[in-house]
Amino acid sequence: MPDSPLPIARREAFERDGFLVVPGFADAATCEALMARAGELVAGFDPAETRSVFSTTDQERTTDDYFLGSGDKIRFFLEEGAVGPDGELRVPKEVAVNKIGHALHDLDPLFSAVSRSPELAELAAELGLADPRLLQSMYIFKQPRIGGEVVCHQDATFLYTEPVSVTGFWLALQDATLENGCMWALPGGHRQGLKARMRRDGKGGVAIETLDPTPWPEPTPANGYVPLEASQGTLVVLHGLLPHLSGPNRSDRSRHAYTLHVVEGGAHYPDDNWLRRATPTRGF
């Protein structure tokens with residue numbers, strides 16, 4: 001992982017690479033508190049109410065009404081490997097959930113406080129975000145042994161604005177390593193433009209529109225990709241056009257993380273984006 005730059009150079013590093021790694025952004029107590037709160041939310045989740053599976057390898061097929069209605073709610077999405085062919089859970093629900101999304105930052109007091117911390121607002125301003133609005137949040141579990149792959153993608157594919165403005169803030173709540181599925185990124189790949197856009201198809205589902213058919217290079221170190229290993233408390237900032245991914249977790253250790261996506265308040269947010277909110281987005 002590249003060394004973290006000094007604060008005065010962070011914007012330049014972000015603009016050059018399309019990502020920024022900030023070790024020690026959150027203390028251990030904050031990380032542990034968020035994990036404990038996520039555990040409480042999962043304890044109150046009844047998996048009999050839904051079998052909504054989250055998959056990045058077949059999103060057009062697995063996207064359902066439960067997912068499309070989650071923009072201003074707290075909902076639970078399962079790992080593909082946790083659900084059997086008849087919809088039964090193969091593992092206890094505590095290790096079956098892939099993620100919680102997508103409005104933790106608005107609806108849960110603890111997640112809201114962390115999402116709207118002065119430190120996060122200061123960093124956003126330092127990176128040049130003029131009017132950042134909190135659009136989406138996710139708690140990602142990356143469960144041991146069945147944690148799903150996240151294929152190479154750009155966040156702007158899913159949270160599109162005109163002009164592109166989405167920025168991701170990814171906080172490692174546990175150590176993210178090569179063994180348990182840390183992120184990988186292609187430095188400078190954000191300068192290659194947007195490859196695809198996911199839209200609502202008007203029929204209750206979504207469709208992926210190809211904007212540039214040129215594929216990303218195979219995600220290997222030989223092709224320039226770098227692992228973003230991150231110890232607990234590290235914050236990774238991701239440009240909306242940066243190609244990034246993470247492999248499956250086949251280890252015995254989970255890789256919990258909290259992700260927040262912001263967009264510029266002055267940018268146009270098209271109506272056919274999959275994520276819709278009943279109330280306007282708010283800033284820090």
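Only the coordinates and a few stated rules stand behind these numbers; no lab work does. None of these values were measured; they are calculated from a predicted model. When we count neighbours, we look across all protein chains shown, and the Cβ atoms used for this are built from the backbone with ideal geometry, even at glycine.
What the table shows:
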| item | result |
| --- | --- |
| Pairs where the first residue, in segment 207-222, is within 17 Å of His190 (Cα to Cα) and in contact (Cβ under 8 Å) with a residue 60 or more places away in the chain and the second is assigned to a loop (DSSP other than H, G, I, E, B) and of a type outside the set (S, T, N, Q), C-beta under 8 Å, 6+ apart | Trp216/Leu186; Trp216/Lys195; Trp216/Pro243; Pro219/Leu186; Pro219/Tyr225 |
| Search result, residues across segment 176-226 that are part of a loop (DSSP other than H, G, I, E, B), within 30 Å of Arg276 (Cα to Cα) and polar (S, T, N, Q) | Thr214 |
| Residues within segment 227-277 that are among the charged types (D, E, K, R) and in a strand (DSSP E or B), tallied | 1 |
| Segment 85-116, residues that are part of a strand (DSSP E or B) and of a type in the set (A, V, I, L, M) | Leu89, Val97, Ile100 |
| Segment 141-163, subset surrounded by fewer than 24 Cβ atoms within 10 Å (Cβ to Cβ) and not in a loop (DSSP other than H, G, I, E, B), residue nearest to the chain's Cα centre (by Cα) | Asp155 |
| Qualifying residue in segment 107-121 (condition: within 29 Å of Trp216 (Cα to Cα) and surrounded by fewer than 22 Cβ atoms within 10 Å (Cβ to Cβ)) | no |
| Ala124 surrounded by fewer than 18 Cβ atoms within 10 Å (Cβ to Cβ), within 30 Å of Ala9 (Cβ to Cβ) and out of contact with any helix residue (DSSP H, G or I) (no Cβ under 8 Å at 6 or more places or on another chain) | no |
| Residue within segment 127-134 that is under 12 Å from the mean Cα position of the chain (by Cα), buried (at least 20 other Cβ atoms within 10 Å of the Cβ) and part of a strand (DSSP E or B) present | no |
| Matching residues, segment 182-233, being loosely packed, with under 13 Cβ neighbours inside 10 Å, of a type in the set (A, V, I, L, M) and closer than 23 Å to Pro248 by Cα | Ala222 |
